[in-house]
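Everything below concerns the one structure shown next.
The values are calculated or read from the model by the stated rules, or taken from the named source; none is laboratory data. Computed from a predicted structure; not experimentally measured. Note that we place each Cβ from the backbone using ideal geometry, even for glycine, and neighbour counts take in every protein chain shown. Side chains are part of the model used for accessible areas, which takes the heavy atoms of the whole protein and leaves out ligands, DNA and RNA. Shrake-Rupley method; radii C 1.70, N 1.55, O 1.52, S 1.80 Å.
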Amino acid sequence: MLELRNITKSYGPIRVLDDISISFSPGEITAIVGPSGAGKTTLLQIAGTLDRPDSGFISYDGLDLLSLKDKKLSKFRNQNIGFVFQFHQLLPEFSAIENVALPALIAGKAKRAAFSMAQDLLTELGMADRLSHRPSQLSGGEKQRTAIARALINKPAIVMADEPTGSLDSKNRDEIKNIISHLRDKYSQTFVIVTHDPEMADNADRIVTINDGRIII
């Protein structure tokens, strides 16, 4: 589905990714692990087309993503990739349902349809009674469930998650881990997860270890 070949990335004199090649298959949960500064988040951002490598090749079902101009790449990303971040990145002035509906509205969905989809997703994730609450009124686990719903609203084939349980307590970590497994089983989506959480990594189908910008396992 998604293939990266010979990816390199430097920031100034520091080589962050050094000739990385990796592919991600449909319906697979991959955990990317390694020490801080190893290049995990940079790899996730490049795989998710949020950043461009210095060299290398990225394809999605045969489509050369690096050949796309910014506007087409943004459209591709909106339609095919969902993102979940450690600190949720919810817009504080919007309610939970508004935050979730936003990517669908950007994609051109009608407002009624977008909000209906957002309500269904939030309900499935146990947020039915929190639809109108703003992020400041939600717990950490509720914010992350809202962020997951937002990532899923356009039915992406791939969900990229950067430390999705990193700021949560053990109870909420377990809930998010179980939610990701449930969503993969129900929708056959691919999850690529950067994590320091051993339990989250153990829950994956595959663990990839990065150190010093290279894949070592």
task = Would you be so kind as to identify which of Thr165, Gly48, Gln79 lies farthest towards the positive end of the dipole of the chain, taking Lys and Arg as +1 and Asp and Glu as -1 on Cβ and the Cα centre as origin?
result = Gln79
remark   = Contact order relative to length for the chain, counting C-alpha pairs under 8 Å separated by 6 or more residues, stands in percent at 32
ask   = Where nothing but the Cβ of Lys and Arg (+1) and of Asp and Glu (-1) is charged, how large is the charge dipole of the chain around its Cα centre, in debye to the nearest 20?
value = 780
remark   = Over 24 Å (Cα to Cα) among Lys71/Lys155; Lys72/Lys177; Lys9/Lys109; Lys111/Lys155; Lys75/Lys171; Lys143/Lys177 -> Lys72/Lys177; Lys9/Lys109; Lys75/Lys171
ask   = What residue among Phe94, Phe191, Phe115 shows peak mean-square fluctuation when the chain is described by a Gaussian network model with Cα springs under 10 Å?
value = Phe94
ask   = Ignoring ligands, DNA and RNA, what accessible area per residue does the chain give at 1.4 Å, in Å²?
value = 47
request  = Take the solvent-accessible surface of the protein heavy atoms, probe 1.4 Å, and return the percent of it on the range 96-137 that carbon and sulfur atoms account for.
outcome  = 50
query = Quick one: if you stick a label point 7 Å off each Cα along the C-beta vector at Thr123 and Phe94, how many nm between them?
reply = 2.1
query = So for His196, His133, what's the accessible-area order with a 1.4 Å probe, most first?
reply = His196, His133
query = When Cα extents along the principal axes in Å is calculated directly from the model, which label among (i) 48, 39, 33; (ii) 70, 52, 40; (iii) 54, 41, 27 fits?
reply = (i)
remark   = With all protein chains in place and a 1.4 Å probe, Tyr11 shows an accessible area in Å² (nearest 10) of 110
For Asp54, net neighbour charge (Lys/Arg +1, Asp/Glu -1) across residues whose Cβ lies under 14 Å away = +1
ask   = Helix 170-187: angle to the longest alpha-carbon principal axis of the chain, degrees 0 to 90, nearest 10?
value = 80
